[in-house]
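Readers should treat all values here as calculations from the given coordinates under stated rules, not as data from a laboratory. Quick caveat, the model's predicted, so the values are computed rather than measured. Positions of Cβ are backbone-derived with ideal geometry, glycine not excepted, and every protein chain shown enters the neighbour counts.
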Amino acid sequence: MSLNVTLQKIIENGSKRIREIDGETMLVKPSDEKWSKNEILGHLVDSAIINYQRIMLAQLKEDLIFDGYDQVNWVQLNGYRSRNTEEILKIWEAINTHISQVVSTIPESTMNRKTVHHNFDKISMQVLRKGEESNLHYLIWDYIFHVEHHLAQIIDGYEKMNVLFKD
């Protein structure tokens with residue numbers, strides 16, 4: 001299954017399941033150090049914005065080196081803990097649907113263009129060693145892996161699609 005179709009299925013399934021969760025449950029913080037489900041969803045919005053930018057930039061440059069971001073402060077500054085879940089969810093759906101559409105238009109040659117110039121040892125969830133060959137396909141795959149990791153934190157019994165990375 002292509003990455004864009006996979007992402008679209010994740011959006012549809014994840015959105016449906018999140019809408020089934022009670023609003024109060026979405027606001028509960030398990031501890032002072034941990035995010036509420038609403039904050040995790042907000043983090044997924046922030047991550048989508050950052051990764052959309054990375055996907056676009058990756059098509060225009062030869063390396064895959066990108067800035068990180070202060071995800072903890074972004075969640076706090078956006079006030080996701082007290083925001084309406086449906087509002088956050090609609091933003092998440094819209095951005096990821098847009099990402100899915102963009103991914104569907106990326107030429108295979110661009111998607112699979114190899115480089116050892118990346119910082120996936122710093123920004124990826126599934127870390128690659130510095131200097132290990134990679135490509136845009138890996139960046140998008142890792143983003144999807146990240147989305148599912150957090151959906152499993154929000155949705156009890158969430159079943160990941162187990163998308164394997166294919167070089």
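First check a/c for segment 1-103, with a ≥ b ≥ c the square roots of the eigenvalues of its C-alpha gyration tensor; if it is under 1.5, answer rounded, and if not, answer prolate when a/b is larger than b/c or oblate otherwise.
Cα axes put segment 1-103 in the oblate bin.
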- Which of the GluC sites (Glu not before Pro) across segment 1-98 are loop residues per DSSP, with 13 or fewer other Cβ within 10 Å? GLU20, GLU33, GLU62
- Query: lysines within cross-link reach of LYS29: Cα-Cα under 19 Å, excluding same-chain residues under 8 positions apart?
  - Reply: LYS37
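Is it possible to state the helix-based mean residue ellipticity at 222 nm for the chain, with each DSSP H run of 4+ residues giving -39500 (n - 2.57), the sum divided by total residues, to the nearest 500 deg cm²/dmol? What is it?
-18500 deg cm²/dmol
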- Can you give the extra length, in nm with one decimal, that the chain gains between SER2 and ARG81 once fully stretched, where that is 0.36 nm per residue apart less the Cα-Cα distance? 25.1 nm
- Calculate, for SER109 and ASP63, the FRET efficiency according to 1/(1 + (r/R0)^6) with r their C-beta to C-beta distance and R0 22 Å; round to the nearest 0.05. 0.85
- Message: What lysines does LYS9 reach when the alpha-carbon gap must be under 16 Å and sequence neighbours fewer than 8 apart in one chain are set aside?
- Response: LYS90, LYS160
- Task: Mind ranking 102-109, 132-139 by how tightly packed they are, going by the mean number of other C-beta atoms within 10 angstrom, highest first?
- Result: 132-139, 102-109
- Message: I'd like the distance between the alpha-carbon centres of segment 78-114 and segment 26-62, rounded to an integer number of Å.
- Response: 10 Å
- State, as an integer percentage, the relative contact order of segment 3-154 based on alpha-carbon contacts under 8 Å between residues 6 or more apart. 33 percent
- Message: I'd like the orientation of helix 85-105 relative to the chain: the angle between its Cα long axis and the longest Cα principal axis, in ° from 0 to 90, rounded to 10.
- Response: 20 degrees
- Could you tell me how many degrees, from 0 to 90 and to the nearest 10, lie between the Cα long axis of helix 3-19 and the main elongation axis, the longest principal axis, of the Cα atoms of the chain? 10 degrees
- Task: In nm, give the distance between the simple-model label positions of ILE21 and GLN53, each being 7 Å from the Cα along the Cα-to-Cβ direction.
- Result: 2.6 nm
